[in-house]
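This report refers to the structure that appears directly beneath it.
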Amino acid sequence: MTRASLLSRITDYANRADPYPLYEELRRTPVLHEEEGGPYVIGSYWDILNLLHDPRLSSDAANLTAGGHTGEPGGAEETNLPPSFIRLDPPEHDRLRRMANRPFGPPHSPHRIDSLRGELAGIVSGLLDGLGDTGRIDLVDQFAYPFPVTVICRLLGVPREDEPRFRSWVDPIVAALDPDPDGDDPARRQVAADARIQLGTYLAGLVEERGREPRDDMLSQLVAGHGDERMTTMEVLTTSVLLLIAGHETTVNLITNGMLTLLRHPEVLDRLRLDPGLAVNIVEELLRYEPPVHLVPQRTCVADIEVRGVTIPKGARIWLVLASGNRDPERFPDPDRFDPDREDVEHLGLGSGIHSCFGAPLARLEAQIALSELARRMENPRLLEDPPPYRHNAVLRGPRHLHIAVDGVRR
């Protein structure tokens, strides 16, 4: 195959189960640019890290060269709402992220996430207790998907009785993020658009309620603001949608990729069963080895940028292949080995710079609790299909289903 076909092979669903040999090929070309008007693709760790911190690289959709749907996590916001902060540059990005971060975690609410440990463990226990037939479990549909959706609903302040409605809107919105292998699908787009309208209408009602009667939830705090600094109603809605979609999808993939990796490395799974504290190291290595987000396609140069002697012109699109950087041997020794004892794991799994993953503390804690409890309670877990069927999306890479069998579920 010619080098010109490399990007199409990376995005080809046929290679979704194991894209890493393609990433190795990508790293041999520091800046891959296959065709006029196409993106410049970067796959080396240090180059990606530098670009994530380069102010000449814009996240603002207004600067994007026309190029179709990117499939990025924030794509779920394609509504009449204004863009969320992940699609903006400073100073607007900084203003909105600062206000969103105040009720979410450090530095303003340092104990917010850690205080959720007991509640998260209770949700996990309830899901494991309700698995039913242990001869065939779909870990995605029965565990990895409902867990983070339930968590974010409770954080935002969605009433528990409304959680099923919330999920019914999330499903088609998330499905629209996946590129259609058979081409454009107007019916799917319409279903997703309808779901976004219903979700926006529902959230608008909650925002109005919290304005009248604040509660102890994030939605109330976003509405109230802090001092003279507060979001508009539309900005509150946009931020709420972002928190729901982007954070939820990342966590689903992190948990599912994590369990798949552990089942492929049973000696590590056994260690985790005996030592739940190992989950911290395991999750960090998973974020390097099998990250939930593989590439960031929505960046644009607002000035010429030189990368390893190649000038990327102003207005050009840049794709940053985070998962390739995480396997770069120039940064990580023996990068294709899953090693929870790795001492230096400064990965790109949650991004870096001003757009580093907003929900990283929550995603980490959810994955640590989920994986340690799965290891502790599942008796003799084993894969029923390997590789499992993957989602079509090359950006949010993870199994669509993960069918396993266990001999039983311990109490």
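The values are calculated or read from the model by the stated rules, or taken from the named source; none is laboratory data. What you see is a predicted model, and the numbers here were worked out from it, not measured in a lab. A quick note on method: Cβ atoms are made from the backbone with ideal geometry, for glycine too, and the neighbour counts reach across all protein chains shown. These area figures cover heavy atoms from the full protein model, side chains too; ligands, DNA and RNA do not enter into them. Shrake-Rupley method; radii C 1.70, N 1.55, O 1.52, S 1.80 Å.
Observations
- Rounded, prolate or oblate (a/c below 1.5 giving rounded, otherwise prolate when a/b exceeds b/c) for the range 178-289 by Cα gyration tensor: oblate
- Between Tyr23, Tyr202, Tyr45, the GNM of the chain built on Cα springs shorter than 10 angstrom shows Tyr202 fluctuating the most.
- Charge tally in the Cβ shell below 13 Å around Tyr20, where Lys, Arg are +1 and Asp, Glu are -1, Tyr20 excluded: +1
- Shown here for the range 1-55: trypsin sites (Lys or Arg not before Pro) in loop regions (DSSP other than H, G, I, E, B) with at most 11 other Cβ atoms within 10 Å, namely Arg28.
- Computed with a 1.4 Å probe over protein heavy atoms only, the accessible surface of the chain comes to 42 Å² per residue.
- A quarter of the convex hull surface defined by the alpha-carbon atoms of the chain gives 19.9 nm² as the mean projection.
- Each stretch of four or more DSSP H residues adds -39500 (n - 2.57); spread over every residue of the chain, this sum gives -13500 deg cm²/dmol at 222 nm.
- Each other residue within a Cβ distance under 13 Å of Ser115 adds +1 if Lys or Arg and -1 if Asp or Glu, for a net charge of 0.
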